[in-house]
Each structure stands twice: as structure tokens, then as C-alpha cells.
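Report on the structure given below.
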Amino acid sequence: MRSPVTSGPEVSLQDMFAQSTAVITQPSVATFERYEKRGGLQSAFIYVMVAAVVSALIAALFSFFHSDVTFFGQLFSRLITIPIQFLIFTGAVYLIGGSLFKGTGTYPEVAYTFALFFVPLTIISTIIGIIPILGWLVSFVIGLVMIYFGYLAVQSSMNLREQVPAIATLVLAGIANFAVGAVLGGLFVVGRIASGS
């Protein structure tokens, strides 16, 4: 029996970009199924770090046009929050889908499957997000698109083909992600207050 945390094969960024293109232009459970075992944890995390670095650089460079953010604040916050949010969310999908709904996927399959749409959509959202007003609207639309792709990815990576378990897994993972993010954000605020900054 295969361990649920075995990393799996590793692929190049070029291969992952090609797979992302296929997943985004031909969204279906079958498309995700085609690629879910082609990469492992290391590939998924490297790909997510690419999104974090690109997003951080874009946000940091455009921070000079906004008075309420700083260059280093944008740079470090995105370098830290993007990978952490990805880990928390995909971990929640794996744990909830497996324990509550008897999903049979592995964590590397979940992480890799989600990375294939998360990375390009995060980069696109960051690029368009720098445009005032339009950025908010497009970011909202991209958020809806991510939910749809997440639904397909849960069905594929956790082998939850029925709608209710797939949707419930996605919703509960979203709630868990929000709760953990709120706790971490609260700890950050408390730390700043305690340090006097």
C-alpha cells in the first residue's frame, strides 16, 4: 500500500506550465485526472513558490503607487502568505476529504492538482489586481473561477465524484483556511502590539 505522503515524480516548470494550460483551457475532472500523478510534493511547492515570488515582486514594485502599503510589506507578506495559505487549504482538503468523506487520494495528488490552476490564476490575479477598480472586479471573478477549478480538483485528486461530498470538502476546507488565517493574523497583530510597533 502506498503511503499518503509519498512525494511522487518531479517535473520541470515547463511541463507544469503546459499542464496548467491544459487544465485551464479544458477544465474537467478527466483533465485533472490526466495530470494528478505526474508530479509530486516538491514540484507542487516549487510551482507555488514561483507564484509567490512573481506575485510578491509585482505587488512590491507597484507599492510605490499606493500610500497604504510598503515595498517590503508587499514583498514579504506575499512570499509568506501565498505558500502558507496553499499548504493550509490543500492540507484541509486532504484531511477533510479523506476522513469525513472517505476520499482515497494522497496529499501529493491534492497539492499537485491544486497547484496546476492555483499558480497561473494567482499570477493573473496579481497582475490585474494592480489596476484600480477593474482589479477588484477581475479578482472577484478569478476567485469564482478558482472555486470551480477547486471543485473539479477535489473530485479528481480525492476521488470524490459525487457533488455533495466534493462541495462539502471544498467549503469546509475554505472555512478551515479562513479560521487558521484569522488565528495567524491575530497572533501577528498581538505580536506587533506587544513589541510596540
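The values are calculated or read from the model by the stated rules, or taken from the named source; none is laboratory data. Everything numeric in this text was worked out from a predicted model, so none of it was measured. No Cβ is skipped: glycine too gets one built from the backbone with ideal geometry, and neighbour counts run over all protein chains shown. Surface accessibility is based on the protein's heavy atoms, side chains included, excluding ligands, DNA and RNA. Shrake-Rupley method; radii C 1.70, N 1.55, O 1.52, S 1.80 Å.
I need the full set of residues from the stretch 22-44 which are acidic (D, E) and surrounded by 17 or more Cβ atoms within 10 Å (Cβ to Cβ), in order please. I'd like the intermediate steps shown before the answer.
So in the stretch 22-44, the residues acidic (D, E) come out as 33, 36.
Passing the criteria: only E36.
Working only within the stretch 2-16, note down all residues that are in contact with a helix residue (DSSP H, G or I) (Cβ under 8 Å, 6 or more places away or on another chain), modelled with pLDDT of 80 or more and farther than 14 Å from F32 by Cα.
V11, L13
Would you mind stating whether F140 is among the hydrophobic types (A, V, I, L, M, F, W, C) and open to solvent by 60 Å² or more (accessible area, probe 1.4 Å)? Before the answer, list the steps.
Numbers: among the hydrophobic types (A, V, I, L, M, F, W, C): yes; open to solvent by 60 Å² or more (accessible area, probe 1.4 Å): yes.
In short, yes.
Could you list, in sequence order, the residues of the stretch 144-161 that are in contact with a Ser or Thr (Cβ under 8 Å, 6 or more places away or on another chain) and open to solvent by less than 60 Å² (accessible area, probe 1.4 Å)? Please lay out each step first, then the result.
Going residue by residue through the stretch 144-161, those that are in contact with a Ser or Thr (Cβ under 8 Å, 6 or more places away or on another chain) are 152-154, 156-160.
If the condition is that a residue be in contact with a Ser or Thr (Cβ under 8 Å, 6 or more places away or on another chain) and open to solvent by less than 60 Å² (accessible area, probe 1.4 Å), then L152, A153, V154, S156, S157, M158, L160 are the ones that fit.
Being in a helix (DSSP H, G or I), β-branched (V, I, T), open to solvent by less than 80 Å² (accessible area, probe 1.4 Å) and free of Cβ contacts under 8 Å to residues at least 60 places away in the same chain is true for just one of I58, I82, I88. Which residue is that? Walk me through it before giving the result.
Details: I58 fails: free of Cβ contacts under 8 Å to residues at least 60 places away in the same chain; I88 fails: free of Cβ contacts under 8 Å to residues at least 60 places away in the same chain.
Being in a helix (DSSP H, G or I), β-branched (V, I, T), open to solvent by less than 80 Å² (accessible area, probe 1.4 Å) and free of Cβ contacts under 8 Å to residues at least 60 places away in the same chain holds for just one of I58, I82, I88, which is I82.
Tally the residues that are at pLDDT below 95, of a type in the set (F, W, Y) and crowded, with 18+ Cβ neighbours inside 10 Å, restricting the search to the stretch 108-137.
Total meeting the criteria: 0.
Among the numbered criteria (1) within 17 Å of the chain's Cα centre (by Cα); (2) open to solvent by 30 Å² or more (accessible area, probe 1.4 Å), which one does Y47 miss?
All conditions pass for Y47, except number (2).
Looking only at the stretch 67-79, which residues are open to solvent by 30 Å² or more (accessible area, probe 1.4 Å) and either aromatic (F, W, Y) or in contact with a Leu (Cβ under 9 Å, 6 or more places away or on another chain) (or both)? Talk me through it step by step, then tell me what you get.
Of the stretch 67-79, the ones open to solvent by 30 Å² or more (accessible area, probe 1.4 Å) are 67-74, 76-79.
Correct list: F71, F72, Q74, F76, R78.
Which of the following residues is open to solvent by 60 Å² or more (accessible area, probe 1.4 Å) and of a type outside the set (D, E): Q19, Q14? I'd like the intermediate steps shown before the answer.
Values: Q19 fails: open to solvent by 60 Å² or more (accessible area, probe 1.4 Å).
So the residue among Q19, Q14 that is open to solvent by 60 Å² or more (accessible area, probe 1.4 Å) and of a type outside the set (D, E) is Q14.
Tally the residues that are open to solvent by less than 20 Å² (accessible area, probe 1.4 Å) and more than 21 Å from A44 (Cα to Cα), restricting the search to the stretch 162-171.
Step one: filter the stretch 162-171 for residues open to solvent by less than 20 Å² (accessible area, probe 1.4 Å), giving 166, 169.
This time we only want the ones that are more than 21 Å from A44 (Cα to Cα), so: 166.
The qualifying residues number 1.
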